[in-house]
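S.K.: Pasting a structure below so you can have a look.
The values are calculated or read from the model by the stated rules, or taken from the named source; none is laboratory data. What you are looking at is a predicted structure, and each value in this text was computed from that prediction instead of being measured. Methodologically, a virtual Cβ is constructed for each residue, glycine included, from the backbone with ideal geometry; neighbour enumeration extends over all protein chains shown. Just so you know, the surface numbers come from the protein's heavy atoms only, side chains and all, with ligands and any DNA or RNA stripped out. Shrake-Rupley method; radii C 1.70, N 1.55, O 1.52, S 1.80 Å.
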Amino acid sequence: MREVAIVAAGMTHFGELWGASLRDLFVEAAQGALTAAGTDHLDAIYVGNMSAGQFVGQEHLGPLMADHLGMAGVPSVRVESACASGGVALRTAFLEVASGASDLVLAAGVEKMNDGADVTAILATASDQETEVYHGATFPGLYALIARAHMAAHGTTEEDLAWVSVKNHRHGALNERAQFQRELTTDQVLSSALVSEPLRLLHCSPVSDGAAAVLVCPLDQASKYTDHPVVIRGTAMATASLALTDRRDMAFLDSVAASGARAYEMAGIGPEQVDVAEVHDCFSIAEICCIEALGFAPLGEGRHCARTGETALGGRIPVNTSGGLKSKGHPVGATGIAQAVELFEQLTGASGDRQVHGAEFGLAQNMGGTGASSVVHIFQAV
Amino acid sequence: MAGIAGYGAFIPRRRITTEEIARQWGKDPGTIQRGLMLKEKSVPGFDEDTITISVAAGRAALARAGVSPSRVGAVYIGSESHPYAVKPSGTVVAEALGIGPEVHVADFEFACKAGTEAMFVALALVESGRVDYALAVGADTSQGAPDDALEYSASAGGAAFLFGRDDPLVEVVDTISFTTDTPDFWRREGEFYPRHGGRFTGEPAYFKHVTEATTRILDKTGLKPEDFRFVVFHMPNGKFPLSVGKSLGFTREQIDPGWVVPTMGNTYSGSSPTGLAAVLDVADPDDLILITSFGSGAGSDSFVLRATGLLPQRRGLAPSVRSMLDGPRRYVTYGEYAKYREKIIVND
Amino acid sequence: MPSPRYWREIPSRYRLEATRCGDCGRVSYPPRRICPECRSTDGETIELSHEGRVLTYTVVHVPPDDFLMEAPYALAVVETPEGARMMVQVADCDPASVEAGMMVALEFRLIRREGKGGILCYGYKAVPAYPMGGEAEAELRSKESEVAHA
Ligand SMILES: [Zn+2]
């Protein structure tokens, strides 16, 4: 396998972007990456997208996006793994370049969620339609069940959950592309409206529009596009049962642990060597489960990390310096790529006020459903 | 002799009081409570309908009978609130209970006597030897128009009776049906609430048909009111069954055990069947029981039943009617009631 | 929900049919062709008991449009005595009273309706396991005469 690097990134603002369509969002992010790399050539495009068919009634995104990017003719395909679609697009692009099949591939993610559709029902299609959604399950509802299981097993409290939101908003306040560039207090979180007990509105990531894109090429060709490439040292994916009821332990995300372990092995590092991480905090409980499954905190101890500052900027292992899904926003299909964009910037020293100084290794973890799929990438500055 | 091999009932666990409904419409609760003799009524949840009530009651009937569902050859559901206008309730009930597919299924409608109508046919099918067992259910999630007298009584619940030839809990001694065309109460296709003829529903409708059917079955069997330990009449409100019972020579002691209406309301097709189930919960071997239903339109079915020694042995296998009436229940406000009964217009 | 998709699931939705693995004993609900534990295809169809225990639960305040009229509702993972797990609503009680470890009965209910004119979709909901028989029933029975003369 060839060594593969990210050489350029592009990203839209995340938020309620009423004036932008699905294709507008993709074009802005993709063109941003192409411009940064100074190229107007691509060998292939992978578009991560969860559900344009349901959100805006549009399938067959590969050719649509290639055409609007002025690249009709280029192989282009949409990849889907619910909220992990972006991460899977990056992994697919990596595999195509590593194999030698292509030399310059665009991995993008896009979602247009604010277009009038029943978002709760659409997101719920990423869980089991026959056994969960049939009975009225929603995504916040399923993560609430995970939260209750985690509380019962490890003593996690609603305040512990609130601290995750507070910490990520503190980071997001420094990110000009974030949907919510403002800080929160635990009181605000704990007095926000109940969505699905014990989760409140401010424990949940928002409904967002946005797109992100990165360009990947063989490391030995990176200098054509940038002086500061970031190498993809590890890429791994794992799956678990779609239905929560089929999990051996609802408070532990097996797919996150497995994808993490495989990525660490491929990269030849362990969690203690990671300097900065973006994890999938679609709900505050998810960040706690993810940092435990990835080895950033011992099992049952993840609940303390946001409050103690261990996972905050300046802490032992800063997590979600971008603001995470909670503050930056969560246009589902774009999220996995946006995590890579944040780490590309962190590892090239381009993160401004959010910069983790001297960061060498970054880890991105992106998951679909209630952790039925998880993708982990490990990046290294060179 | 053919009879009832198993029986069961189900009453939803929500209640609304007569007082709460009266307050909504600016009426004096005391006058209505005394006039209709109604204290409260059952209210179905958004998730309860004739089908779910029939499944719960039918499951209890099968449990008390100890009969394999595969031996049930007919399923008849009597109701005036079948959830589908076209598509049977009985197919869902049969599948859920594990009955069939070699089974005859039909939905019955005859206002408030659809339940006894189903019983009448199920019994006859068993007596003819055509099937081993036949399940008959009377169940309703009754509708009454807002601020109508019916709103104080129209409630939800039902009872199921499994008829069979061998080892019945209750033998059927005789039956009779008395029917005329009397438009005292109706609901046209596509209409949401039923309409009625006011006081015309009394003398020429309820009282005439109940009296005729009861008198005729007493004549036919040569029995007198005092031969019965229990009697159940259709219960459109608290008062009518007591009045008709008194005029026919029955006492409160005979009527009260099956007189479930003050706290259940009128479950329409489920009314007299649930009253009968309440009687079977307490009857002793050899007790004679008389039940006369009434359905607007109009007609009455009468059954003379005799309890056997099996009845006391089997009734503990499912919950009693009184345990459901007096057991855990939640009182709802008129606003919640309006929501559950879909009286509030919402967007699709 | 298109009616074929609903109809296909009737055995598990109406009768709680499940698969018990002939090799490792794992019970899967709804039925599966291949055991998720040991990949055995030697499964036996069983019917689950109509009772169970709440493992974890939530109260949904923001529902999908189809469940708007029912919110807030309790949603729980229930384990039956056979070891099968299912996600069901907990009905007929204050959602705030639902808790882990609570014993429930499974009752046949209308789960969802496809708009105003579509099919009605049935299945099971959990309800608190109410006392039946024994002293609790006797106590209720003793109130009979009072109620009858109310
Ligand atoms: Zn097995």
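S.K.: Which condition breaks for B:Ile99 when tested against (1) in a loop (DSSP other than H, G, I, E, B); (2) touching a residue at least 40 places away in the same chain (Cβ under 8 Å); (3) within 21 Å of B:Arg314 (Cβ to Cβ)?
M.R.: Looking at each condition in turn, B:Ile99 falls short on (2).
S.K.: Right, next: Pull up segment B:6-64, narrow it to residues that are of a type in the set (Val, Ile, Thr) and within 18 Å of the chain's Cα centre (by Cα), then point me to the one that is farthest from B:Asp166 (Cα to Cα). Explain how you work it out, then say what you get.
M.R.: Initially, segment B:6-64 is screened for residues of a type in the set (Val, Ile, Thr), giving B:11, B:16-18, B:21, B:31-32, B:43, B:50-53, B:55.
Add one more test, that the residue is within 18 Å of the chain's Cα centre (by Cα), and what stays is B:11, B:43, B:50-53, B:55.
Values: B:Ile11: 29, B:Val43: 37, B:Thr50: 29, B:Ile51: 28, B:Thr52: 28, B:Ile53: 27, B:Val55: 23 Å.
Step by step, filter segment B:6-64, then rank; the result is B:Val43.
S.K.: Out of the residues in segment C:72-91 meeting the condition of being more than 7 Å from every other protein chain (Cβ to nearest Cβ) and either within 16 Å of the ligand (Cβ to nearest atom) or modelled with pLDDT under 95 (or both), tell me which one is farthest from A:Met151 (Cα to Cα).
M.R.: Taking segment C:72-91 first, the residues more than 7 Å from every other protein chain (Cβ to nearest Cβ) are C:72, C:74, C:76, C:78-84, C:90.
Next, from what is left, pick out any that are either within 16 Å of the ligand (Cβ to nearest atom) or modelled with pLDDT under 95 (or both): C:82-84.
Numbers: C:Glu82: 26, C:Gly83: 23, C:Ala84: 23 Å.
Result: C:Glu82.
S.K.: Turning to a different aspect of this structure: Among A:Gly329, A:Gly333, which is the only one that is at positive phi, at pLDDT 95 or above, open to solvent by less than 10 Å² (accessible area, probe 1.4 Å) and not basic (Lys, Arg)? Lay out the reasoning, then the answer.
M.R.: Details: A:Gly333 fails: at positive phi.
Of the residues listed, the single one that is at positive phi, at pLDDT 95 or above, open to solvent by less than 10 Å² (accessible area, probe 1.4 Å) and not basic (Lys, Arg) is A:Gly329.
S.K.: Among the residues that make up segment C:94-112, is at least one of them more than 8 Å from chain A (Cβ to nearest Cβ), touching a residue at least 12 places away in the same chain (Cβ under 8 Å), among the aromatic types (Phe, Trp, Tyr) and open to solvent by 50 Å² or more (accessible area, probe 1.4 Å)?
M.R.: The initial filter retains those residues of segment C:94-112 that are more than 8 Å from chain A (Cβ to nearest Cβ), namely C:94-99, C:101-110.
Subsequent filtering for residues that are touching a residue at least 12 places away in the same chain (Cβ under 8 Å) retains C:95-99, C:101-110.
In the following step, the residues that additionally are among the aromatic types (Phe, Trp, Tyr) were identified as C:108.
This time we only want the ones that are open to solvent by 50 Å² or more (accessible area, probe 1.4 Å), so: none.
Scanning segment C:94-112, I find no residue that is more than 8 Å from chain A (Cβ to nearest Cβ), touching a residue at least 12 places away in the same chain (Cβ under 8 Å), among the aromatic types (Phe, Trp, Tyr) and open to solvent by 50 Å² or more (accessible area, probe 1.4 Å), so the answer is no.
S.K.: Within segment A:258-367, considering only helices (runs of 4 or more DSSP H) that don't extend past its boundaries, which have at least 3 residues that are more than 24 Å from A:Val189 (Cα to Cα)? Break it down stepwise before answering.
M.R.: Values: elements: A:284-293, A:305-308, A:324-328, A:335-347.
Filter on segment A:258-367 gives A:335-347.
S.K.: Is it true that some residue in segment B:12-29 is assigned to a helix (DSSP H, G or I), in the same structural domain as B:Gly158 (by TED's automatic domain parsing) and among the aliphatic types (A, V, I, L, M)?
M.R.: Residues of segment B:12-29 assigned to a helix (DSSP H, G or I): B:18-24, B:29.
Narrowing the set further to residues that are in the same structural domain as B:Gly158 (by TED's automatic domain parsing) leaves B:18-24, B:29.
Going one step further and asking which of them are among the aliphatic types (A, V, I, L, M), we end up with B:21-22.
Scanning segment B:12-29, I find at least one residue that is assigned to a helix (DSSP H, G or I), in the same structural domain as B:Gly158 (by TED's automatic domain parsing) and among the aliphatic types (A, V, I, L, M), so the answer is yes.
S.K.: Right, here's the next one. Out of all the residues in segment B:326-343, is one or more assigned to a helix (DSSP H, G or I), within 14 Å of chain C (Cβ to nearest Cβ) and farther than 30 Å from B:Gly26 by Cβ?
M.R.: At the first step, the residues of segment B:326-343 found to be assigned to a helix (DSSP H, G or I) are B:326, B:334-340.
Adding the requirement that they be within 14 Å of chain C (Cβ to nearest Cβ) leaves B:326, B:335-340.
Remaining after also requiring farther than 30 Å from B:Gly26 by Cβ: B:326.
Within segment B:326-343, one or more residues are assigned to a helix (DSSP H, G or I), within 14 Å of chain C (Cβ to nearest Cβ) and farther than 30 Å from B:Gly26 by Cβ.
S.K.: Can you name the residue in segment C:19-44 that is touching a strand residue (DSSP E or B) at 6+ places or on another chain (Cβ under 6 Å), of a type in the set (Ser, Thr, Tyr) and assigned to a loop (DSSP other than H, G, I, E, B) and is also nearest to the ligand (Cβ to nearest atom) among such residues?
M.R.: The extreme case among them is C:Ser40.
S.K.: I'd like the full set of residues that are more than 15 Å from B:Val261 (Cβ to Cβ) and open to solvent by less than 30 Å² (accessible area, probe 1.4 Å), limited to segment B:22-38.
M.R.: Quick first cut of segment B:22-38, residues more than 15 Å from B:Val261 (Cβ to Cβ) only: B:22-31.
Of everything in segment B:22-38, those that are more than 15 Å from B:Val261 (Cβ to Cβ) and open to solvent by less than 30 Å² (accessible area, probe 1.4 Å) turn out to be B:Ala22, B:Gly30.
S.K.: Looking at (1) of a type in the set (Lys, Arg); (2) open to solvent by less than 10 Å² (accessible area, probe 1.4 Å); (3) assigned by TED's automatic domain parsing to the domain that holds A:Thr321, which one does A:Lys112 not meet, given that it meets all the others?
M.R.: With respect to (1) of a type in the set (Lys, Arg); (2) open to solvent by less than 10 Å² (accessible area, probe 1.4 Å); (3) assigned by TED's automatic domain parsing to the domain that holds A:Thr321, A:Lys112 is out only on (3).
S.K.: Turning to a different aspect of this structure: Are any residues in segment C:113-135 surrounded by fewer than 18 Cβ atoms within 10 Å (Cβ to Cβ) and within 14 Å of the chain's Cα centre (by Cα), and if so, which ones?
M.R.: Across segment C:113-135, the qualifying residue is only C:Ala129.
S.K.: Scan segment C:35-47 and report the pairs whose first residue is under 20 Å from B:Ala96 (Cα atoms) and away from chain A (no Cβ under 14 Å) and whose second residue is within 9 Å of the ligand (Cβ to nearest atom) and part of a loop (DSSP other than H, G, I, E, B), with Cβ atoms within less than 8 Å and a gap of 6+ or a chain change.
M.R.: C:Glu44/C:Gly22
S.K.: Out of B:Leu123, B:Leu150, report the one residue that is in a helix (DSSP H, G or I), aliphatic (A, V, I, L, M) and within 30 Å of B:Glu20 (Cβ to Cβ). Walk me through it before giving the result.
M.R.: Details: B:Leu123 fails: within 30 Å of B:Glu20 (Cβ to Cβ).
Exactly one of B:Leu123, B:Leu150 is in a helix (DSSP H, G or I), aliphatic (A, V, I, L, M) and within 30 Å of B:Glu20 (Cβ to Cβ), namely B:Leu150.
S.K.: Within segment B:198-211, take every residue that is farther than 16 Å from B:Asn237 by Cα and out of contact with any strand residue (DSSP E or B) (no Cβ under 7 Å at 6 or more places or on another chain) and give me the one that is least open to solvent (accessible area, probe 1.4 Å).
M.R.: B:Thr211
S.K.: Does B:Thr17 count as surrounded by fewer than 24 Cβ atoms within 10 Å (Cβ to Cβ), away from chain C (no Cβ under 14 Å) and hydroxyl-bearing (Ser, Thr, Tyr)?
M.R.: Working: surrounded by fewer than 24 Cβ atoms within 10 Å (Cβ to Cβ): yes; away from chain C (no Cβ under 14 Å): no; hydroxyl-bearing (Ser, Thr, Tyr): yes.
Spelling it out, it is not the case that B:Thr17 is surrounded by fewer than 24 Cβ atoms within 10 Å (Cβ to Cβ), away from chain C (no Cβ under 14 Å) and hydroxyl-bearing (Ser, Thr, Tyr).
S.K.: Separate question: Kindly establish whether A:Leu174 is in a helix (DSSP H, G or I) and more than 30 Å from C:Arg85 (Cβ to Cβ).
M.R.: It is false that A:Leu174 is in a helix (DSSP H, G or I) and more than 30 Å from C:Arg85 (Cβ to Cβ).
S.K.: Among residues belonging to segment B:39-66 that are facing chain C (nearest Cβ under 10 Å) and outside any helix (DSSP H, G or I), point out the one that is most open to solvent (accessible area, probe 1.4 Å).
M.R.: This residue is B:Lys39.
S.K.: What's the total number of residues in segment A:187-211 that are closer than 30 Å to A:Ala29 by Cβ, within 12 Å of another protein chain (Cβ to nearest Cβ) and of a type in the set (Ser, Thr, Tyr)?
M.R.: Of the residues in that region, 0 qualify.
S.K.: Please go through segment C:1-18 and pick out each residue that is on the phi > 0 side of the Ramachandran plot and within 16 Å of the ligand (Cβ to nearest atom).
M.R.: Once the filter is applied, which keeps residues that are on the phi > 0 side of the Ramachandran plot and within 16 Å of the ligand (Cβ to nearest atom), segment C:1-18 yields nothing.
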